[in-house]
Amino acid sequence: MGMNTENQKMTLDSFNHQKISMFEKLAYGMSNMGGNICNTAIASFITLYYTDSVGIAAATVGTMLLIARIFDAVSDIVMGTIIDKTDTKWGQARPWFILSIIPFVLSTILVFAVPDGMSTLGKTVYMYVTYIFAGVICYTVNSLAAVSMQSLMTGDTKERMGLNAPYQIFGFVSIIGVNMITINLVGKFGWKGMAVLYALISMVILFITGIVCKERRCLVEMPEENGKETKITFRQGFPVLLRNKYFYIVLILSISNYITINTFNAGGVYYAMYILGNGNLFGLMTIAGMLPTILLTTTVPYVGNKLGKKNTLILGYVLQAIGFVIVYVAGTNLPMLIAGLVIKGVGLAPIASLLIPMIGDIIEYEERCSGLRLAGLFNSTATFGVKAGSGLGAALVGWLLAWGGYVASAAVQNDTTILAMRIMIAGIPIICSIVGVVLSLAFDIEKKVNK
């Protein structure tokens, strides 16, 4: 394994202009693929697994997903503080990323392995324990460490956007792949067999990232006070986090983004099955919504440099809103549905590409203002947003199914259930897109960072 200690110490200025090779950028991007293979399987299909295979009521599943998000609020802050206080020759976040890989993939298998012989109460308890272990603990450590590595690998804002492009592309490719093939894999190997296969693939990919990617922030010669390096305590850092208005903007944007993604992903499989009449069309829906994002992600740094991140982000949210309006009115009109998803995918490219680099800008801005570099705490904003949005999105799907009177595995659903499915994949995303436009208008940090 390549060690950071193989490199010489560097100045803060050299770190701020550190260039990253394309090979390392690709390896970093693979972290999102490795994480998303397991996470997408859970986010997109866990409600279907619990309701139709395990036999747990949709409302019970939705409530569990919401409760898990409450624990997430604590776990992300705790893990962010731990990363900020970590000081090893391998860096701050990288050691945690590597250590989390095995528990993360094993927890995915446990989630999809509810024992058949248990009572309904026993299955519900098992669901709570394994889902919270996987999402609140294992995914927290893995995803927060991966996101934190980005701002610790280079201080160059353009290079961070360059790191984020493959990160998003690999992530979206994995979402498309998982959403396309999971139903078929379950038919061949069962839910547990599918989870084992995904876990093995994720493990290999994540170890490649851990071996290749290196943090360089730990190589910067830091000022000392009374002969000792200044350490940031939670008591120092957390109030600073809460005073930063950009923290709240990015937090809400992150949550709303993943509510959008996961109400569509978790609800889309039901929509394909019961409105379009073919569950396999969910893969086509995913391709239509994600392929434009993948193709355009590499152009976002160029557009962002020309228009500014703020204006590019607003444009993305407007296009996404238009796309979801078309999806909502499409109903069973498949060509119209695909057209709306393509427009939505175009809008998603700048949204997905700019969020993490924006957090890097907040970290740099806060360091200038207060002298504190809170990479772990601020990056916990993104990972909490991912998990909170994913969980809330999945919870909303469960509650809407219950409200609509969903009957598991029924050939035909009632009109209220069909309406609930349309709200899942388009109604809620429209609201989240409007929220995104409003909050993006208030994100004026770019001009402050570039002073």
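Taking neighbour Cβ counts within 10 Å as the exposure measure, how do 251, 26, 341 sort from fewest upward?
26, 251, 341
Can you give the local net charge around residue 384? Use residues other than it whose beta-carbon is closer than 12 angstrom to its beta-carbon, Lys and Arg +1, Asp and Glu -1.
The answer is 0.
What nm distance separates the two modelled labels at residue 437 and residue 336, each placed 7 Å from Cα along Cα→Cβ?
2.1 nm
Rounded to the nearest 0.05, what FRET efficiency do residue 188 and residue 407 have when you use their Cβ-Cβ distance and R0 = 35 Å?
0.85
Between residue 236 and residue 67, what's the calculated FRET efficiency when r is the beta-carbon distance and R0 is 41 Å? Round to 0.05.
According to the calculation, E is roughly 0.85.
Report, in deg cm²/dmol and to the nearest 500, the calculated mean residue ellipticity at 222 nm for the chain, where each DSSP H run with n ≥ 4 adds -39500 (n - 2.57) and the sum is divided by the residue count.
Computed mean residue ellipticity for the chain: -26000 deg cm²/dmol.
What ranking do 98, 42 get, fewest neighbouring Cβ atoms within 10 angstrom at the top?
Ascending number of Cβ neighbours within 10 Å: 98, 42.
Taking the Cβ of residue 268 as the center, what net charge do the other residues with Cβ under 13 Å away carry, scoring Lys and Arg +1 and Asp and Glu -1?
+2
Along the Cα→Cβ direction, 7 angstrom out, place labels at residue 245 and residue 88. What is the inter-label distance in nm?
Distance between the two pseudo-spin positions: 4.0 nm.
Figure the gain on full extension for residue 158 and residue 23 (residue separation times 0.36 nm, minus the Cα-Cα span) and round it to one decimal in nm.
So the chain would gain 46.9 nm between residue 158 and residue 23.
Computed on alpha carbon atoms, what radius of gyration and Dmax characterise the range 31-138, expressed in Å?
Looking at the range 31-138, its Cα Rg and Dmax stand at 15.5, 49 Å.
Rounded to the nearest 0.05, what FRET efficiency is calculated for residue 311 and residue 370 with R0 set to 30 Å and r the Cβ-Cβ distance?
The value I calculate is 0.60.
Suppose the chain between residue 59 and residue 106 were pulled fully straight at 0.36 nm per residue; how much longer would it get relative to their current alpha carbon spacing?
14.2 nm
Which helices of the chain meet both criteria: a Cα extent of 30 Å or more along the helical axis and a mean Kyte-Doolittle score no lower than 0.5, with helices taken as whole DSSP H segments?
Correct list, ordered by number: 22-48, 58-85, 157-212, 245-274, 309-330, 334-370, 375-404.
Can you compute the label reach from residue 416? Point 7 Å from Cα along the Cβ direction, backbone N cut-off under 18 Å, restricted to the range 36-59.
So the set is 57-59.
Listing 217, 235, 69 from the residue with the fewest other Cβ atoms within 10 Å to the one with the most, what is the order?
Sorted ascending by nearby Cβ count, the order is 235, 69, 217.
Can you give the Rg/Rh ratio of the range 120-191, where Rg is from the C-alpha atoms and Rh is the Kirkwood radius?
Dividing the radius of gyration by the Kirkwood radius yields 1.14.
Divide the volume of the convex hull of the Cα atoms of the chain by its number of residues and quote the answer in cubic angstrom per residue.
Looking at the chain, the number lands at 130 Å³ per residue.
None of the figures in this text is laboratory data; all of them are computed from the coordinates on show. Predicted, not measured: the structure shown is a model, and the values here were computed from it. Don't worry about glycine lacking a Cβ; one is built from the backbone with ideal geometry, like all the others, and counts go over all protein chains shown.
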